[in-house]
Amino acid sequence: MSEQTVRVCFLSDDVAFAEPLARALGYGFSVRPAGDVRSSELRDWCDVVLLDLRGANGNADLEPRLRVLDEIRATPSARPVVSLCDDGRNQAVFRAIEHGSYDTVTAPPNVVELRLILLRAYRFHGAMQEIERLRATTHSSGKLHELLGVSSAMQELFTLAQKIAPCDVSVLITGETGTGKELLARAIHQLSSRQARPLVAFSCANLPENLIEDELFGHEKGAFTGALALRRGRIEAADQSTLFLDEIGDLALGLQPKLLRVLQERSFERLGGNNTLHVNIRLICATNRNLAEMVQEGRFREDLYYRLNVVQMHLAPLRERRDDVPLLAQHFLELSAHEFKRKAKRFSRIALQALEDHAWPGNVRELQNTVQRAVVLTEGPTVEIEHLPIAMRGGCETVPLNRSYEEEVRDFKRRLILRTLRGCGWRKAESARSLGVARGYLHRLINQLGIQETEEEGSSAAAARTPSRAIPVLPPPNRVM
């Protein structure tokens, strides 16, 4: 028996039964009788509710007590309910389970059985609380289900996902191709109350209008030539769950009113059918397009846009969250090494530097493919620069490993300044403000380090070792900008 006392609230009109019940349960249990557990004091005190359904065989007696069960289940941090019934075969048992009772016990109860069920309900509640606590703190470790990220942009996204996931609001996820929009949708689904049912995903990209309509709404037998049997669509399959529509910007204008009706009325008809079907779904959409601009151009319905855009979440491209590259690269390395049975365990310093410096136009998907290729090519425990694509090496493969401290600092300065200049469109004043230095000092560094405006960021290491035409030094300003 656990040293923790299980506090049982006995919810019954037969208050006198609570005393013999407490004596029978014995050590490790504390019983309090109550006619109502809706008061916050008693609700916060107890660990398990024992609901008395004895004598409630007809609907007139049973319904009021089941409403109390519903009210208990609807309270925040609801305690598990064990129902005490007259007979294991009567209506009360099945109705209690239907309304969310954790378990049922037949009266008069077997004391050993009752102790075990109450203790199991208590431990179940404790486990569920721990799961909720872990969910609330998952993002602090740099991971939200399958999404990884330690950058401030991803941490803010994780926090927002934790807040909106329990609420059945529509979510619009924006971001470039390959940033992980479907992974974010799956994380939201897994954090929601609909997690018990699988998420239903569908991409609207590059498909004919009639095919998308059939995929989403389904069809009746004989609806068109070739419709040999009834087919249920994705919307129907997502009932009581989450529907994820990727590339929603590709949805044809003719289908947009139908989707709007599903959101507004939660109803639709299959192709070729007259029966109206009702569904309870949560909709999460994703796009790499600017839907607001499409609305202005008349290519997307304004009313549908506002229905979808209740909460908007933006996944930043990988080039704007370079702090995530080492974490993601190591994760993909471990997955690929396990999949292909390779010995790779780490990246060399210079290989990791090349990964961090790359612009990643294909975002996380490109990084995953690059790491997978590198793991396949390597034979030892370390992925070296030569295992990366040539376009990513930028001359780094010839850098000696015994470089001096001064050389390392100089190379770091070049890469930092070059990256900032490129990010600011080679506007010196804006770059100086971003770096927190005077514009004149920035000009002197550009001259000393031999940075040219035509340079690519990946070639900075090679340029650091070769003479180049320096940008003319301008007179320093009188004040620091």
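Here, each number is a calculation from the coordinates, and none is a lab measurement. The structure displayed is predicted, hence computed values, not measured ones. Ideal geometry is used to build each Cβ from the backbone, glycine not excepted, and the neighbour counts take in all protein chains shown.
Distance check, please: which entries in K143/K345; K345/K428; K143/K343 exceed 30 angstrom between their Cα atoms? K345/K428, as the Cα separations exceed 30 Å there.
To the nearest µm²/s, what D does Stokes-Einstein give for region 166-316 at 25 °C and 0.890 mPa s, using the Kirkwood radius over alpha carbon pairs as Rh? Can you show the working numbers first?
Working: Rh = 15.8 Å.
For the chosen part, D equals 156 µm²/s.
Each of R444, R419, R427 has some number of other Cβ atoms within 10 Å of its Cβ, and from fewest to most they run R427, R444, R419. Listed by Cβ neighbour count within 10 Å, with the fewest neighbours leading, C424, C167, C46 appear as C167, C424, C46. Among the chymotrypsin sites (Phe, Trp or Tyr not before Pro) found in region 330-399, not one is both in a DSSP coil and sparsely packed, with 10 or fewer other Cβ atoms within 10 Å of its Cβ.
Packing-wise, with mean Cβ within 10 Å as the measure, how do 429-438, 312-321 rank, highest first? Present the calculation step by step, with values, prior to reporting the outcome.
Numbers: 429-438: 15.8, 312-321: 18.3.
Taking the mean over residues of other Cβ atoms within 10 Å, the ranking is 312-321, 429-438.
Fewest-first ordering of T174, T242, T225, T5 by other beta carbons within 10 Å of each residue's beta carbon gives T225, T5, T174, T242. The distance between label points at Q240 and L116 comes to 2.9 nm (points 7 Å beyond Cα on the Cα→Cβ vector).
Give the residue list of GluC sites (Glu not before Pro) in region 227-307 that are DSSP loop and have at most 12 other beta-carbon atoms within 10 angstrom.
Working: sites: E236, E247, E265, E269, E293, E297, E302; in loops: E247, E269, E297.
Those that pass, being in a loop and sparsely packed, are E297.
Placing +1 on each Lys and Arg Cβ and -1 on each Asp and Glu Cβ, with no other charges, gives region 166-316 a dipole about its Cα centre of roughly 460 debye.
Please work out the FRET efficiency for the pair E386 and H314, using the Cβ-Cβ distance as r and a Förster radius of 51 Å; give the result to the nearest 0.05. Computed FRET efficiency for E386 and H314 comes out at 0.90. Among the trypsin sites (Lys or Arg not before Pro) in region 221-281, those located in a DSSP loop and surrounded by at most 15 other Cβ atoms within 10 Å of their own Cβ are K221, R266.
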